[in-house]
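Values in this text are rule-based calculations from the coordinates and carry no lab data. From a predicted model like this one, the values you see are computed outputs, not experimental measurements. Note that each Cβ is placed from the backbone with ideal geometry, even for glycine, and that neighbours are counted across all protein chains shown.
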Amino acid sequence: MKSIGEKIKEYRQKNHMTQEQLASCLNVTFQTVSKWETGVSNPDLSLIIPLTKIFHISSDEILGVNDIEADKRYEELKAAYDRTFRTEDFAERQRICELAVSEYPGDMKWLINLAWVVSNRSFEYEDNDRYIAEQEKAIKLFDAVVKNCNDDIIRGNAIQGITQLLSWRGRKDEARKYAEMIPEQTMISRDAVLENILEGDELILFKQKRIKSHIDDILRELSLMPTVYTDIMRDIVNAMIPDGNFIEFNHSLYYAVRRQINHILKHEPYASADKIFELLAEMKTYAKSYDEIVFSKPGVYKYTAPWFDHIEEDTREWFGSKGTPLLKDFKNYLDDSQFDNFRNLDLFVLLKK
């Protein structure tokens, strides 16, 4: 790959400029330009933008970023860097990153790699001053990526790193400013960034909501599996909410039990009526609890189990809150022909009331 000096010479000649003319435009001596082009020295970073304007090119072009993929040296460094993940030699990883950053100035991939390894290695130092100094160094590296990178994925990665470090350093206000810059398109979870800037009850609420979201996703997936997973769904909900104040989860459990009953009636013709009535009673309990907070007394409800005790649910805003109550759905469900064999039994009549 051509050096910066070679690039400057190439674009100077393409623009039919002498060294003296280029030097005059940049307010430097022609000897300085000569040193750049012969590799004796490199231009100051402050001159990169003026150079791009003079030559009508991008900074990537003058820095040679577009040539990196085909550069053998670049691939060698990358292979050596990848090997450190097998050897877990973090000192070697940092050495490689520092070398790559010096050889490929402006390469944001190497700069973000260096930022992360400096950040991670800071915890190796027992000397507090060294520990702090290394974290401050990593913060500056992450900041450079945030300010100079156009790739949203890399930039998002840098924002995650800098918000994490600033939070550890107790600089929450600074961390919040960076969190506001998180790009729309990034592989980094927004939650991972937000978690870095929160504290106290705000952080607990954030974590509880994230846990609840994961539980919702698990229950949703299990509901699409064979009915044998109904018991697992119950176990999960009861483990997370042992006090029975299920609130939203009443809805998931209601339909899980309904699927279990349908499966038994279809595939287990000799199942006892007691088993069916037990499940129907459970299903009705979920329906009553759900309807009370959604249709009878809609409002703001709070979970009382420790896992979710910071979460409030406004049932007036729930999807389906203007639709059919579960108890009405339950009554219609009992009218299904699959219950014809139980219809005259006393327990069935009581359930339908």
Open item on the list: Checking the cross-link filter: which lysines have an alpha carbon closer than 25 Å to that of residue 177, excluding same-chain neighbours under 8 positions apart?
Closed with: 109, 137, 140, 147, 207, 209
TODO: Answer with a single label: of (i) 27.7; (ii) 19.6; (iii) 17.3, which was calculated as mean projected area of the Cα convex hull in nm² from the structure in view?
DONE: (i)
TODO: Multiply the residue gap between residue 25 and residue 332 by 0.36 nm, knock off their C-alpha separation, and tell me the result in nm, one decimal place.
DONE: 102.1 nm
- [ ] Starting from the Cα-Cα distance between residue 136 and residue 87, subtract it from 0.36 nm times their residue separation and give me the gain in nm to one decimal.
- [x] 15.0 nm
TODO: May I ask you to derive the FRET efficiency for residue 176 and residue 72 from their Cβ-Cβ distance with R0 = 41 Å, giving the value to the nearest 0.05?
DONE: 0.40
Open item on the list: Between helix 72-87 and the chain, what is the angle of the helix's C-alpha long axis to the longest principal axis, kept within 0 to 90° and rounded to the nearest 10?
Closed with: 40 degrees
Task: Cβ-derived FRET efficiency at R0 51 Å, residue 144 paired with residue 322, nearest 0.05 - done: 0.45
Task: Distance (nanometres) between label positions extended 7 Å along Cα→Cβ at residue 343 and residue 272 - done: 2.6 nm
Task: Distance (nanometres) between label positions extended 7 Å along Cα→Cβ at residue 216 and residue 262 - done: 2.3 nm
Open item on the list: For a quick check: sort 85, 319, 342 by the number of other beta carbons within 10 angstrom, fewest at the front.
Closed with: 319, 85, 342
Task: Backbone N under 18 Å from the residue 102 label point (7 Å along Cα→Cβ), restricted to the stretch 1-40 - done: 3-5, 39-40
- [ ] Filter the trypsin sites (Lys or Arg not before Pro) in the stretch 239-334 down to the DSSP loop ones having no more than 15 other Cβ atoms within 10 Å, then list what survives.
- [x] 322
Task: Positive-end residue, the stretch 71-197 charge dipole about Cα centroid, Cβ charges, pick of 81, 120, 170 - done: 170
Open item on the list: Can you compute the charge dipole magnitude of the stretch 201-352 about its Cα centre, using +1 on each Lys and Arg Cβ and -1 on each Asp and Glu Cβ, nothing else charged? Give it in debye, rounded to the nearest 20.
Closed with: 300 debye
Task: Check: the stretch 4-68 dipole with +1 on Lys, Arg Cβ and -1 on Asp, Glu Cβ, in debye - done: 160 debye
Open item on the list: Run the simple label-point estimate for residue 2 and residue 95 please: 7 Å along Cα→C-beta, distance reported in nm.
Closed with: 3.3 nm
- [ ] Round to a whole angstrom and tell me the spacing of the C-alpha centers of the stretch 95-156 and the stretch 297-312.
- [x] 42 Å
